[in-house]
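Input: a single structure, listed below in structure tokens.
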Amino acid sequence: MRPRLLLAIVSVSTLTAQSAPEVQPPTRQLSQYVIERLIPADRNLFRKLARAPLEAVWSQLEAKGYEHSFINELQALHPDRRLVGRARTMRYLPTRPDLREEIYSQRKQLNYVSAEEAQPGDVLVFDAGGDTRSAVSGEITTVRFLARGGTGLVVDGALRDVPEIAGMPLQVFHRRGQAAAVRPNLMSVDYQVPVRIGSVTVRPGDILLGERHGILVIPAPLAEEVVDAALAKQGLESFQRKLLLEGRSIYGVYPPNEEVRREYEASRDQESEE
């Protein structure tokens, strides 16, 4: 046999023996510290949200008319940590001395109030209008929030003590860090009201689902329905991913034609029997 022919045969054999590429799915889990403190109904919902693909949940919301529900203007402090929680909201404005004195004579700053009143599974949501000249909160009040069972911070503005907060079992989204305290630039004015974070409106009690690339805002009454629908879709997408990695053409697989749907149902039946 000629050397060139032998080389060609070896090359073809090597090519046909190649295995499919491996794709590692992201690790999605909640802090055990938070899970232990949730009431049973929240624990079940939060665990499902921790597993559900964010984009699949978004598509369910979009179908219900919630097109403006994804915040992507903030940075995740922990890129590989998922955020699941219930929004507790605050609004900040540029300082005005007379209004500041009037508000602060009636109650403490809202980072203190929200930390003290937080419930297990809460996410503190700070609407500072994107102003990063001053930080709206820092380490000490966040320690109290953590002790109350808080699960995350969403700050459309700046945050103090970022290295210390990074060591806590929380997920944090913010624009950037800042050493300066809230005064003299900002003042907290409204508590548990609808706020604007980036380009999305957040109501108190909304369910927040965050990944490294942003945060999905889910109206609480819809949360169970949309996450169940997203998890049902997840099985089909895993099957489609498997077919593509095995070398199938994307045409007919995504979106699935009738043949692929039949294959998927057959694979589910086989798994059930096993």
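The values are calculated or read from the model by the stated rules, or taken from the named source; none is laboratory data. The structure presented is a predicted model; accordingly, all values stated were derived computationally and were not measured. Side chains included, ligands, DNA and RNA excluded: accessible areas come from the protein's heavy atoms. Shrake-Rupley method; radii C 1.70, N 1.55, O 1.52, S 1.80 Å.
Computed over protein heavy atoms with a 1.4 Å probe, the carbon and sulfur contribution to the accessible area of the stretch 152-207 reaches 46%. Leaving ligands, DNA and RNA out of it, report the carbon-plus-sulfur percent of the accessible area of the stretch 94-133 at a 1.4 Å probe. Summing carbon and sulfur atoms, their accessible area is 48 percent of the total for the stretch 94-133. Relative to the compact-globule estimate of 2.2 N^0.38 Å, the Cα radius of gyration of the stretch 203-274 comes out at 1.45.
Estimated from helices alone, the mean residue ellipticity of the chain at 222 nm is -12000 deg cm²/dmol (sum of -39500 (n - 2.57) over DSSP H runs with n ≥ 4, per residue). At a probe radius of 1.4 angstrom, the accessible area of the chain per residue rounds to 55 square angstrom. Of the beta bridges in the stretch 101-257, as assigned by DSSP with both residues counted there, near 40 percent are antiparallel. Note: the stretch 15-133, Cα convex hull, 203 Å³ per residue. I need the P(r) histogram for the chain: all alpha carbon pairs, bin width 5 Å from 0 out to the longest distance, whole percents. Over the chain, the share of Cα pairs per 5 Å bin runs 1, 5, 11, 14, 15, 12, 10, 8, 6, 5, 4, 3, 2, 2, 1, 1, 0, 0, 0, 0 percent. Couplings 3J(HN,Hα) of the stretch 161-167, computed from phi: 6, 4, x, 5, 5, 4, x Hz, in residue order, whole Hz [Karplus 6.51 cos²θ - 1.76 cosθ + 1.60, θ = phi - 60°; x for Gly and Pro]. Residues whose amide H falls under 5 Å from that of Met187, counting only those 5 or more places apart or on a different chain, are Leu93, Thr95, with hydrogens built in the peptide plane. Under a 5 Å amide H cut-off, with hydrogens placed 1.01 Å from N, Asp122 pairs with Arg86, Thr151 among residues at least 5 apart or on other chains.
Note on Lys48: lysines with a C-alpha under 25 Å away, same-chain residues under 8 apart excluded, are Lys64, Lys233, Lys242.
Principal semi-axes of the equivalent ellipsoid, √(5λ) from the alpha carbon gyration tensor of the stretch 119-274, are 43, 16, 16 Å from largest down. Comparing mean-square fluctuations of Ala41, Ala115, Ala230 from a GNM of the chain with C-alpha springs under 10 Å, the top value falls on Ala41. When only Cα pairs below 8 angstrom with a gap of at least 6 residues are kept, the chain shows a relative contact order of 25 percent. So which aspartates and glutamates can Lys108 reach, going by Cα to Cα under 14 Å and dropping same-chain residues fewer than 8 places off? Hits, sequence-local ones excluded: Glu116, Glu117, Asp190. Taking the DSSP bridge list for the chain and keeping only pairs wholly inside it, about 55 percent are antiparallel. Hydrodynamic analysis of the stretch 93-179 uses the Kirkwood radius over alpha carbon pairs. Inserted into Stokes-Einstein at 37 °C and 0.692 mPa s, it gives a translational diffusion coefficient of 247 µm²/s. The phi-based Karplus calculation (6.51 cos²θ - 1.76 cosθ + 1.60; θ = phi - 60°) puts the 3J(HN,Hα) values of the stretch 188-194 at 7, 10, 9, 10, 6, 10, x Hz, whole numbers, x for Gly and Pro.
Our summary gives the stretch 99-226 a relative contact order of 22 percent, counting only alpha carbon pairs under 8 angstrom and 6 or more residues apart.
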